[in-house]
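To start, the structure under review is shown below, and the notes come after it.
The values are calculated or read from the model by the stated rules, or taken from the named source; none is laboratory data. A quick note: this is a predicted structure, and the numbers were derived from the prediction, not measured. Ideal geometry is used to build each Cβ from the backbone, glycine not excepted, and the neighbour counts take in all protein chains shown. Ligands, DNA and RNA are excluded from the accessible area calculation, which covers all protein heavy atoms including side chains. Shrake-Rupley method; radii C 1.70, N 1.55, O 1.52, S 1.80 Å.
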Amino acid sequence: EDAEDSRDHIPVTLQDLLTARLHRLGEAREVAQLASVVGMVVDRRILLALTERDEQDFDAAVEELAAAGLLHVDGAGEETAYRFRHALLRDTAYQSLLRSQRKALHREVAEVLTTTLAGLASERPELVAAHWTSAEMPAEAIASWCEAAARAESVSAYREALTHADHALDLIDDLEEDGRLLAELQVQQVRQRLLSWVSGFTAADHLE
């Protein structure tokens with residue numbers, strides 16, 4: 001669920017308390033906001049690449065967020081990840097950013113993943129696709145969703161692949177008109193192939 005959509009589900013008094021808690025963090029608040037754009041669970045490499053802080057200042061900010069009860073630190077070294085202790089904390093940090101800021105930051109995350117962290121992007125193209133989608137970059141998002149579909153299909157995760165293809169199809173209308181038809185044909189070809197696999201498995205399930 002998008003954080004913006006979840007605003008209505010947070011009681012005003014609780015939201016005010018969480019917002020005040022966030023503001024008391026001072027400079028560490030910026031790191032919390034960046035983390036909220038990445039997601040509930042945040043790879044250290046992504047967050048560090050997004051910040052303009054040196055590593056020592058970055059680690060100090062993370063320690064402050066952990067001490068304040070916002071983040072939990074999992075793992076060590078390059079495998080370190082930060083997890084928001086509650087979805088409402090992540091939502092509050094996300095909502096404290098302007099929509100234009102969120103959009104720009106999602107684009108930054110996608111760019112970091114496709115350049116600095118290309119290895120991670122190749123492992124999780126659906127993550128890149130989600131950020132391109134939130135950045136409102138439909139052409140890039142569709143390409144990444146199709147890549148995610150292909151990767152899932154390569155390991156026989158056909159239903160997952162179909163879900164990724166459906167995400168790509170949902171974005172077709174957001175494309176410029178001159179590239180829309182070709183993109184839709186390509187995505188529909190992928191979907192039809194995946195549907196044949198999924199329907200075949202479904203039929204086999206009924207025969208057992």
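Observations on the model:
- Any hit, segment 124-139, residues being β-branched (Val, Ile, Thr) and more than 18 Å from residue 46 (Cα to Cα): no
- Across segment 133-145, the number of residues qualifying as in a helix (DSSP H, G or I) and surrounded by fewer than 17 Cβ atoms within 10 Å (Cβ to Cβ) comes to 1.
- Selection count, segment 119-178, where residues are among the basic types (Lys, Arg) and more than 15 Å from the chain's Cα centre (by Cα): 2
- For segment 121-165, a residue qualifies if it is closer than 28 Å to residue 100 by Cβ and not hydrophobic (A, V, I, L, M, F, W, C), and the qualifying residues are 124, 125, 126, 131, 133, 134, 136, 138, 140, 144, 147, 164.
- Odd one out for residue 165, checked against (1) in a helix (DSSP H, G or I); (2) open to solvent by less than 70 Å² (accessible area, probe 1.4 Å); (3) closer than 30 Å to residue 22 by Cβ: (3)
Yes/no matrix, rows are residues, columns are (1) of a type in the set (A, V, I, L, M); (2) closer than 21 Å to residue 51 by Cβ:
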position	(1), (2)
110	yes, yes
122	no, no
141	yes, no
150	yes, no
158	no, no
167	no, no
173	no, no
183	yes, no
195	yes, no
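- Residue 121 being among the aliphatic types (A, V, I, L, M) and surrounded by 17 or more Cβ atoms within 10 Å (Cβ to Cβ): yes
- The residues on offer are 130, 148, and the sole one that is in contact with a Pro (Cβ under 8 Å, 6 or more places away or on another chain), assigned to a helix (DSSP H, G or I) and either without any contact (Cβ under 8 Å) to a residue 60 or more places away in the chain or at negative phi (or both) is 148.
- Near pairs, Cβ below 6 angstrom, 6+ apart or cross-chain, from segment 50-63 (closer than 18 Å to residue 74 by Cβ) to any residue that is assigned to a helix (DSSP H, G or I) and open to solvent by 20 Å² or more (accessible area, probe 1.4 Å): 58/48
- Taken across segment 182-189, residues that are touching a Leu at 6+ places or on another chain (Cβ under 8 Å), open to solvent by 40 Å² or more (accessible area, probe 1.4 Å), of a type in the set (Val, Ile, Thr) and within 26 Å of residue 103 (Cα to Cα) do not occur at all.
- Any hit, segment 107-118, residues being free of Cβ contacts under 8 Å to residues at least 12 places away in the same chain and part of a helix (DSSP H, G or I): yes
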